[in-house]
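Asks: Below is a structure I'd like to ask you about.
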Amino acid sequence: GLHYTGACVPEGMFDGCTKLGAGVELNTWLPKSFNGVGCAAFRKTAFSVDFDKLESDGMKYYGAYAFFGMPNLESFTLTDNIRLGKLSDNAFTVSESGLKELVVNATTVPHQFAPNCKDLRTIVLSDNVSTVESMAFAGSGVTALDIPANITIGVDAFYNCTDLKKVVFHGYTVLEGNNTGSSAFRGCGIEKLEITDGAKVSCANNSFTGMNDEAVSTLKEIEV
């Protein structure tokens, strides 16, 4: 068997071991003394992960690509107690995984945190969130979003989220864009926009365009 006495799973330790962890919860498999997961350490493995339990047991760090492509993830609560590593400014912490639900209690969702998570239908942004960085959820399966007050949504943060049908703004919101036409909700399938009483949205040009800068063809209802 494997015997390792360090405090952090080394970089790439089990990268690509697709059969490792089938039917096993990662937090019961790791020693309680561990407080970090290195870059790509469990990429594409079959473990399920109780992230809340890992954090309560003292986990403090997840490297870039740490849980990339893991099919058996269920839910994740992101807090400021967990430090997320980056590689060339990309997090890719749970990208292309089977994650189904994410609750964000952290102040920032980093660049490319969970793109292309097709099963990620529910994203809950708490009032603590101030920034969702670019490409954070691009290509995810989210279906509806409540945007809290005092938040900045980065360029292409929800790019190509074709199942995103409803977006509700609850306060001052900044939607970033750039001079190449990229914008926060480019290529989404939004059918309803709702701006609640007292909310204010500051947005770049064409914040809700289609994939190739064409006009929004999916929008059916706006409630202000």
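The values are calculated or read from the model by the stated rules, or taken from the named source; none is laboratory data. Computed from a predicted structure; not experimentally measured. Heads up, the Cβs are rebuilt from the backbone with ideal geometry, glycines too, and the neighbour counts pull from every protein chain shown. Each accessible area value is taken on the protein alone, full model and side chains, heavy atoms only, with ligands, DNA and RNA left out. Shrake-Rupley method; radii C 1.70, N 1.55, O 1.52, S 1.80 Å.
Asks: Could you grab the pairs with beta carbons closer than 6 Å, sequence gap of 6+ or different chains, first residue in the stretch 76-97 and open to solvent by less than 90 Å² (accessible area, probe 1.4 Å), second one among the acidic types (D, E)?
Replies: Once the first residue is open to solvent by less than 90 Å² (accessible area, probe 1.4 Å) and sits in the stretch 76-97, its partners that are among the acidic types (D, E) give T77/D52.
Asks: So, one more: Taking the condition surrounded by fewer than 19 Cβ atoms within 10 Å (Cβ to Cβ), within 25 Å of G38 (Cα to Cα), touching a Gly at 6+ places or on another chain (Cβ under 8 Å) and at pLDDT 95 or above, does D119 pass?
Replies: Spelling it out, D119 is indeed surrounded by fewer than 19 Cβ atoms within 10 Å (Cβ to Cβ), within 25 Å of G38 (Cα to Cα), touching a Gly at 6+ places or on another chain (Cβ under 8 Å) and at pLDDT 95 or above.
Asks: Right, here's the next one. In this structure, does G21 turn out to be open to solvent by less than 50 Å² (accessible area, probe 1.4 Å), out of contact with any Asp or Glu (no Cβ under 6 Å at 6 or more places or on another chain), more than 16 Å from G98 (Cα to Cα) and part of a loop (DSSP other than H, G, I, E, B)?
Replies: For G21, the condition - open to solvent by less than 50 Å² (accessible area, probe 1.4 Å), out of contact with any Asp or Glu (no Cβ under 6 Å at 6 or more places or on another chain), more than 16 Å from G98 (Cα to Cα) and part of a loop (DSSP other than H, G, I, E, B) - is not met.
Asks: Another question about this same structure. What strands (runs of 3 or more DSSP E) lie completely within the stretch 117-224 and have 3 or more residues being under 30 Å from G69 (Cβ atoms)?
Replies: Filter on the stretch 117-224 gives 122-125, 144-147, 151-153.
Asks: Same structure, new question: Go through the stretch 5-14 and give me each residue that's without any contact (Cβ under 8 Å) to a residue 40 or more places away in the chain and under 19 Å from T93 (Cβ atoms).
Replies: V9, P10, G12, M13, F14
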